[in-house]
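The values are calculated or read from the model by the stated rules, or taken from the named source; none is laboratory data. The structure presented is a predicted model; accordingly, all values stated were derived computationally and were not measured. Every residue, glycine as well, gets a Cβ built from its backbone with ideal geometry; the counts of neighbours run over all protein chains shown. Accessible surface areas use protein heavy atoms only, side chains included; no ligands, DNA or RNA. Shrake-Rupley method; radii C 1.70, N 1.55, O 1.52, S 1.80 Å.
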Amino acid sequence: MTTRRVRARRGEGAMLREELLRAADDLLAESGTEDALTIRAVAARAGVSTPAVYMHFADKEALVEAVCMRVWGELQRIFSQSREGDPFLALGGCARAYMRFALDHPVQYRVLMMRPSAAQAVPPAAAAEAFGYMVDAVEACMRTGVFEGDATEIALGLWSALHGSVALVLAQPSLPWPEHEALIDRAVRVAGFGTVLYSRLPGELPPSEDLAAHADAFGAALTTRPERDQPSP
């Protein structure tokens, strides 16, 4: 049951906009689909008239993208805080945060990153800022020598790997996926260690038996190092 909200006084527009976004966020969480975010439904949940909603959002599309960008801002804050410690581990922390964000907010992630749209769902400036965090993390890894190559290309490859994993889980949930933390761990490690090895691979790979032996030796060398030195992105 909703109650009619008292008309906002001059200067309270920002407060009303925040209330509308909270109402839309609640509807999204309850329904699991953006179809529930109609202007009328959000107005009823917030206790205002539909014209009051249109004063802050031009249409449903603008409302949907605004409520989804709230969680994108949360992801950017996590990225900005994940810069401490060993660069390779810090990059792994960013990657894990990204996948958890997508799997914890599937509807918002689909809207922002997976649906066709006439306009970019994530504003170019916001996307560039998030990508910039990843490039910075890659460049820090390059300074330690763990990555070699072009930082932008490496960052795009890593982001593509993470997005591809998440997108497939969201698009095909009936496949026999492991629980989320196991899925995240595997995807991040494959992307991270794969990137470490990629620039060091020869043009022609050895037969699979030789490759397996080299991989076994590499794994054994890592496990015999002191635990504090073991890379675990």
Inset, instruction - Mind counting the residues in region 1-54 that are loosely packed, with under 14 Cβ neighbours inside 10 Å, part of a helix (DSSP H, G or I), modelled with pLDDT under 90 and of a type outside the set (Gly, Ala, Ser)? - result: 3
Legend entry - The lone exception for Thr152 - which of (1) touching a residue at least 24 places away in the same chain (Cβ under 8 Å); (2) surrounded by 13 or more Cβ atoms within 10 Å (Cβ to Cβ) it fails: (1)
Legend entry - Filter result (farther than 19 Å from Ala182 by Cβ, open to solvent by less than 20 Å² (accessible area, probe 1.4 Å) and among the aliphatic types (A, V, I, L, M)) within region 72-107: Leu75, Ala90, Leu91, Val107
Inset, instruction - Scan (1) polar (S, T, N, Q); (2) at pLDDT 95 or above; (3) open to solvent by 80 Å² or more (accessible area, probe 1.4 Å) for the single condition Thr223 breaks and write down its number. - result: (2)
Inset, instruction - Those residues that are part of a helix (DSSP H, G or I), open to solvent by less than 50 Å² (accessible area, probe 1.4 Å) and either of a type in the set (A, V, I, L, M, F, W, C) or without any contact (Cβ under 8 Å) to a residue 24 or more places away in the chain (or both), I need them from region 55-68; list them, please. - result: Ala62, Leu63, Val64, Ala66, Val67, Cys68
Inset, instruction - Please specify each residue of region 184-209 satisfying the condition of being basic (Lys, Arg) and open to solvent by less than 50 Å² (accessible area, probe 1.4 Å). - result: none
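Being over 11 Å from the mean Cα position of the chain (by Cα), modelled with pLDDT of 95 or more and not in a helix (DSSP H, G or I) is true for just one of Val169, Val146. Which residue is that?
Unique residue meeting the criteria: Val146.
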Legend entry - Residue that is modelled with the lowest pLDDT, among those in region 71-115 that are in contact with a Cys (Cβ under 7 Å, 6 or more places away or on another chain) and part of a helix (DSSP H, G or I): Phe79
